[in-house]
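The values are calculated or read from the model by the stated rules, or taken from the named source; none is laboratory data. In this text, all values refer to a predicted model and were calculated from it rather than measured experimentally. Quick reminder, even Gly has a Cβ in these numbers, built from the backbone with ideal geometry, and neighbours come from all protein chains shown. These area figures cover heavy atoms from the full protein model, side chains too; ligands, DNA and RNA do not enter into them. Shrake-Rupley method; radii C 1.70, N 1.55, O 1.52, S 1.80 Å.
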Amino acid sequence: MSSQTVTRTGNGEAVRYRTYLGWQPEKVAFMFGVSGQRVALIVAAVLAAIWPLAAQRIQLAPIAWPIALLLAGFAFIRLGGRTLDEWVAAFVSYQLLRVRSQHRFVSAAFAPTTAPETNTEDDNADDVDGPHHDNDRADEHADEPRDNSGGEQDLGDQRGRRRWLVQRRAAQMDLPGVLAPLTFLEAQMGATAAGAMHEGDGALAVAYHRLDRTYTAVARVSYPGIGLVDSERREARVNGWGALLSGLCTEGQLIVRVQALQRMSPASGAALRRWHTDHLGTNAPQLAREITSGLLATAGVTTSQREGFLAFTMDSRRAASTIRAAGGGTAGAVKVLTRQLRAISSSVAGADVQIESWLGPRDLAEVIRTAYDPHAARTLAERRAASPAPGHFSSGPHTANGGALAAGVAPAVAGPAAAESLPGSYRHDGGFSATFWVQDWPRSQVFSTALAPLLGESTHRRAFSLHIEPLGPRTAERDVMRERTARSVAVRMRQRTGQIVPEHEQAALDRARAQDMDRAAGHGLVRFTGYVTVTVTDERLLEDACAELEADAAAARIELRRMWYAQDVGFAMSALPLGFGLPRKRF
């Protein structure tokens, strides 16, 4: 919901600025806004309280009534934005993972045989190099001579072939925790509706999640910003972004999630040094060369780098019929996804967001690698700057001309070598991260630059992700009417009983009514949430980075909550553009 704010300049001219307000926090949809777990605790507390009286055994009251108070406390007392039962559930879940050592992840040299030894149909279908079955291997060797008298020789050959298959699968992807089901597929993007081509050979990486059955493609984007432009240009860019989201709020839309990720980190200065080398004149004075060389040597310390990504996720269950019409399987799904991406490219351009390239497998692997290993960012940036053909990836580790390493990294080494999820932080390779969830957005009217303090300059690495789930018209109408009805009933009940209606309830009813009016006027409705991750290379600086982040969030009037006992999941949602979206509605 937006409104117009009119201010007057010194010469008396009226200037209109649009402000924004009206986002509704999502309520639990079980009973009276209470989750099913809390309802069970309340019922148990009531039964424990009345049981001594109903059973006429008052001597049990000293035992039953404290239990009832304890259960009621678990259901109603809040600490740090959570009820006590939610804290207990998170703590127990984390401890169970810790007992089974599942809060740690090791790969590469620490665990050379961590890949599973079984292969499912999904694994075969998603292998970018084609399916590999044990039966196929047996058929290939069916004509080879066998020593029937030496059963041990046969068994050894079979085990050797099985180990070969396992190692080949492990070389594709090896990611921790919730990222383990991901597989990278490769497609040809080709020309987009806006006329932009993917750099190089047009290779597009598609992250396929075998459990969620989703396909995600990622674009590297650049944008001019809205902080220093005039109000008309600013509103045009905001309206363009709104038009993009509104176009996705249609019935049967195959794109189910959009993730906007911005990463801020100290720059390596490699691109700046390369530009200087390419444009340095042969007759430049020696003194000027020495001065610029000294300045460029410290460029990585005094400059910061910003990276922007847009991830679009398609649900194969919603697109089942379209995928079958395109040929079925992962090939058909990838074809449908690329078709959708080409269709929305013009809408992205309408928001003044330029798609620099659709990430290929080595591109996306580099983004993941630099998030897990901050120390690798400088080396990979210099490799990309020195690459003779940026964006072009060969099948081997070297380019075809010159022998230089190709830009990016292989998907097999995208993940961390080792990682450990701690209660309040996440330790991965050479980095230490803490992830926060945006619990409450500004409650007062704000301008479109409200996130500027959060996205501004920082002395530490920071990643901000905004996850958006477009809703169809029927779903939007159902959700808005449910919210409006609940707010209206609450206000009327207070009025009938002679109680004073609190202003926050009246304001919530007004917001629900305004949302219903906007929906009726053709606007779309989305679910959204945000995550922020700070990363440092020295564990002693982590709490300082968290304090700086919380101060910036307070300046933006945003309330953050640390994701205790779920730092590994939060890192995947915040620092990586892989389309891990909003949690499902709780009951």
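Taking the Cα centre of the range 401-507 as reference, the dipole from Cβ charges on Lys and Arg (+1) and Asp and Glu (-1) amounts to some 520 debye. Residues whose amide H comes within less than 5 Å of that of L560, counting only those at least five positions distant or on another chain, are Q439 (H built at 1.01 Å from N in the peptide plane). Converting phi to 3J(HN,Hα) with the Karplus coefficients 6.51, -1.76 and 1.60 and the offset θ = phi - 60°, the range 474-480 yields 5, 5, 5, 4, 5, 5, 5 Hz in sequence order, with x at every glycine or proline. Amide H contacts for E356 (H built 1.01 Å from N in the peptide plane; partners 5 or more residues away or on another chain; cut-off under 5 Å): R220, V221, S222. Across the range 549-554, computed HN-Hα scalar couplings (Karplus, 6.51 cos²θ - 1.76 cosθ + 1.60, θ = phi - 60°) run 5, 5, 5, 5, 5, 5 Hz from first to last residue, x flagging Gly and Pro.
Using 0.36 nm per residue of separation minus the Cα-Cα distance, give me the extension gain between R318 and V99 in nm, one decimal. Don't skip to the answer; put the middle values down first.
Values: separation 219, 0.36 × 219 = 78.84 nm, distance 3.81 nm.
The R318-V99 span can extend by a further 75.0 nm.
3J(HN,Hα) along the range 493-510: 4, 5, 5, 5, 8, x, 8, 7, 7, x, 5, 5, 6, 5, 5, 5, 5, 5 Hz, from the Karplus curve 6.51 cos²θ - 1.76 cosθ + 1.60 with θ = phi - 60°, whole Hz, x for Gly and Pro.
Hey, if we sort T313, T449 by accessible area with the 1.4 Å probe, largest down, what's the order? Numbers along the way, then the final one.
On the way: T313 0, T449 50 Å².
Ranked list, largest accessible area first: T449, T313.
Compared with the rule-of-thumb size 2.2 N^0.38 Å for a compact globular protein, the range 452-587 has a Cα radius of gyration ratio of 1.37.
Scanning residues 5 or more positions from T529 or on other chains, those with amide H under 5 Å from its amide H are H467, with H placed 1.01 Å from N in the peptide plane.
Each peptide in 430-438, 347-355, 478-486 gets a packing score, the mean of other Cβ atoms within 10 Å over its residues, and the list from highest to lowest is 430-438, 347-355, 478-486.
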